[in-house]
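Only one structure is covered here, and it is reproduced in the block below.
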Amino acid sequence: MQKRMIFTTICLLLSLPVFLVFPGTPVPAAQPADDGKSSEDDSVYEAYQEYSARLAAVSQASDIPACGFDIVEDQIFPFSLTVPADGAGLTDEVSGGPDAADETDRADSTGNPDAADETDRADSTGTLDAADETDRAGSTGNPDAADETDRAGSTGNPDAADTAGPDHADTAADDDADTVYLIPAFDRNYDRLILFFADPDGTVFCKTDQLEMNYRNTGQLKQPNKSISAISFQDLNGDLLTDIIILTSCVNDDGAYARKSYKIGDVLFQKGQTAGFYRDYRISDKINRFGMNKSADEITAFVRDGSSAEFMYTASTLDELTSHGMRIIEEQCYTRTFEKPGRLQVVPGVCRVGNYDIFLIYLADEQGCIVSCLQPMGEADNLYALKGIQCRDIDGDGLKDIVVLARYSYEEADGQFTVKSDYSVYYQRTGGFSADTAIKESCPCADGDTMEQLVERLRAYWGWHSEQ
């Protein structure tokens, strides 16, 4: 009986929770609940708050440099801004820039300027809801408040000689009361482009940084803008109001486009009823997604005249391409039998947008269905001449590769155009053709090179014995 009581007592004691705290061993503190925020998110938020405070502090043109923004003095322009007679629609507040959600949630800006990675994006033609009504002329909705630069204040005559801001004293005698200044500036810390709009007396009545070139690096304040390539003022939507085209030159610090210069363009449409501006994000997206951002003339051809290269990236058949106006370069069009995809037509085509020829090469089956699309132009502005296309094994794997040699025109920093020869190599792989982006460093191309000379050097690079 006594043994049974002892056994029962032991079992009861073992069933109780036991906590052992050894001397000198601290008890772990309770961990705070994870609120989903990281220290990196906090730093981005704090940097944005500091940036927004500086931007909000600008009320005069003279405040712009003092608040950490470098004015692009050779790009300050006067232009006509329509103002309602009764001042209706004018506000004192303007947007200081996108919030953190705008920086992290914007899915359309991938940081990759080339249309090569966007060829399977369908045309967005759906109707915008009230929250997204940043539309062109002819739309029934008003622009989104987040995307418009609302105007407040009076206008007068500018003094073009004043680079820090208009001089009211020098222009009071001018009769054009609708002329104001556009003052572009870059943030010194983050390379963001800000557009300031100023009266002749130097009063900044609105400002915006909600521009396509400020959405390249998503989730970051730092952007790749290096300089302004062009600013153009013209009526783009037929409402007799002056709209604004702006392009910047960009260079990424890292990634696939590291150290390569490319352009980003955007358009601001003027609103006559409220004397403000608005962006149509769909137009901005197409301009840059489909390579129509080389110049203000090319953007004008797309936005105003309706010329577009979008079909070149979305078409599924050769008939669809030619029906939209693509011109096939017949002398370089032929059929080849490739080891993996089989018998394909090699079809080089050109689409003219404005004064620019956009060049792509299509691989299509015998029924005319497009199997693959090659984009050898890269960031060139225009196809000057196609020198040749050759299908031959380059890397020694027994599979036919594709070499494209052409002359392209490029716009230099001083605005002058130069013509250079360049080439592209596409290796045949199981899933299609893969571009070699590094071989040009070892095998540069000279303007006088023929296709035979280029192929010989490329094969020698891969260890082939010279045929000469």
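The values are calculated or read from the model by the stated rules, or taken from the named source; none is laboratory data. Note that this is a predicted model, so its numbers are computed, not measured. Glycine gets a Cβ as well: all are built from the backbone with ideal geometry, and neighbour counts include every protein chain shown. Accessible surface is based on the protein model in full, side chains and every heavy atom, while ligands, DNA and RNA are left aside. Shrake-Rupley method; radii C 1.70, N 1.55, O 1.52, S 1.80 Å.
Tabulated data for the structure shown
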| quantity | calculated |
| --- | --- |
| Cα shape, the range 403-459, gyration tensor, a/c 1.5 rule | prolate |
| Average accessible surface area per residue within the range 351-461, 1.4 Å rolling probe, Å² | 43 Å² |
| In the range 242-271, the trypsin sites (Lys or Arg not before Pro) that fall in loop regions by DSSP, at most 12 other Cβ within 10 Å | Arg259 |
| Cα gyration tensor, the range 347-407 - rounded (a/c under 1.5), prolate or oblate | oblate |
| Apportionment of accessible area to carbon and sulfur, the range 255-390, percent (1.4 Å) | 44 percent |
| Highest average packing first - 347-355, 394-402, Cβ atoms within 10 Å | 347-355, 394-402 |
| Label-point separation, Asp235 to Asp319 (7 Å along Cα→Cβ), nm | 4.1 nm |
| Mean separation of Cα contacts under 8 Å, 6 or more apart, over the residue count of the range 319-399: relative contact order % | 21 percent |
| Gyration tensor verdict on the range 208-345 (Cα atoms; rounded if a/c is under 1.5, prolate if a/b is larger than b/c, oblate otherwise) | oblate |
| Exposure of Met377 as accessible area (Å², to 10), given a probe of 1.4 Å and all protein chains | 20 Å² |
| Two-site label geometry, Tyr334 and Thr450: point separation in nm, points 7 Å out along Cα→Cβ | 1.5 nm |
| Flagged links, alpha-carbon separation over 31 Å, of Lys263/Lys400; Lys260/Lys340; Lys340/Lys387; Lys260/Lys286 | Lys263/Lys400; Lys260/Lys340 |
| The range 352-468: relative contact order as a whole-number percent, Cα under 8 Å and 6+ apart | 18 percent |
| Fraction of accessible area attributable to carbon and sulfur, the range 418-464 (%, probe 1.4 Å) | 52 percent |
| Accessible surface, 1.4 Å probe, highest first, among residues Tyr48, Tyr181 | Tyr48, Tyr181 |
| Label-point separation, Gln60 to Glu73 (7 Å along Cα→Cβ), nm | 1.9 nm |
| Computed over the range 172-305: relative contact order in percent, which uses C-alpha pairs under 8 Å that are six or more apart | 16 percent |
| Set of lysines with alpha-carbon distance to Lys207 below 18 Å, sequence-local pairs under 8 removed | Lys271 |
| R0 of 45 Å, Cβ-Cβ distance Trp464-Asp305: FRET efficiency to nearest 0.05 | 0.40 |
| Residue-normalised accessible area of the range 169-298, given per residue in Å² at a 1.4 Å probe | 31 Å² |
